[in-house]
Amino acid sequence: MVLAYLAGRKSVTRRVVKDRAGCLIRTPGNFRISYPDSQNGFTLEWLDADGEPTGEHIDVRPPPVTPGDTIWVKETWRADILFDNLSPKQIFEYTPIKYEADGASDSEETLFSPGRIRQSIFMRRWMSRIVTPCVSLRVERLQDITESDAKAEGCTLYKDGKPIFPLCNAPFNEPPEKCVHRASFYKVWQTLNANRAPWDSNPWVWVISFRQFSPTGRTKETTPASYQE
């Protein structure tokens, strides 16, 4: 997904919505986000068939970000071998960092000797090379993702230039060429969430969009593709 962002293919991500007790929300219906106030916190308001609030709501844990917040991405990394015995917070700022997503380097640089691999969870804020603003937030059921939304997630699996849909075992009753991106998203989702929020559970998810990276080094503001249809 880091490579998908750097290639300009990813501009949206999904995160599971949980109630205050930390449980998944599987209640059917439609919801609208109610932003927090000083007394009630974050809620999802039930909507009727006409899109009007019914007065019922579910208290939920806050989403990871809201529009206007800054998103910074953690990824697997290395510092110089000289720092291998130090914890991430002991490494002084602006120390050179190598990102594993970049693969082997052909650089002749001899002043940096990559040390041990550090997992993304241990990355410090100053080490992140991907920093982008959140531009929109909504809630929907996981299985409601469209082909264009899945493409905006950066999910496309190819082998020798051809989609490898048959390897995904995705539950879509459509020809493979009609759901390549959704099948790829399904594969990625199951890899990360099969134990806590599998596809079949169809949980509610936060749909978070952010600025899309341009390979030229610029960014452009986008929303999930379904907003533009």
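Screening the candidates THR66, THR27, THR95 for the property of being outside any helix (DSSP H, G or I), more than 24 Å from TRP126 (Cβ to Cβ) and among the hydroxyl-bearing types (Ser, Thr, Tyr) yields one hit, THR27. Remark: LEU111 falls outside the filter, which requires a residue to be of a type in the set (A, V, I, L, M, F, W, C), within 30 Å of GLU45 (Cα to Cα) and either exposed (fewer than 12 other Cβ atoms within 10 Å of the Cβ) or modelled with pLDDT of 90 or more (or both). Among residues belonging to the range 42-75 that are loosely packed, with under 13 Cβ neighbours inside 10 Å and in contact (Cβ under 8 Å) with a residue 24 or more places away in the chain, point out the one that is farthest from VAL131 (Cα to Cα). Checking each candidate, the answer is PRO62.
If you go through the range 185-229 one residue at a time, how many are polar (S, T, N, Q), over 15 Å from ASP144 (Cα atoms) and at pLDDT 85 or above? Result for the range 185-229: 5.
Selection of the range 134-149 for residues being closer than 19 Å to PRO62 by Cβ and either of a type in the set (Val, Ile, Thr) or not assigned by TED's automatic domain parsing to the domain that holds PHE213 (or both) yields VAL135, VAL139.
The values are calculated or read from the model by the stated rules, or taken from the named source; none is laboratory data. Quick caveat, the model's predicted, so the values are computed rather than measured. Glycine also receives a Cβ, built like all others from the backbone with ideal geometry; neighbour counts cover every protein chain displayed.
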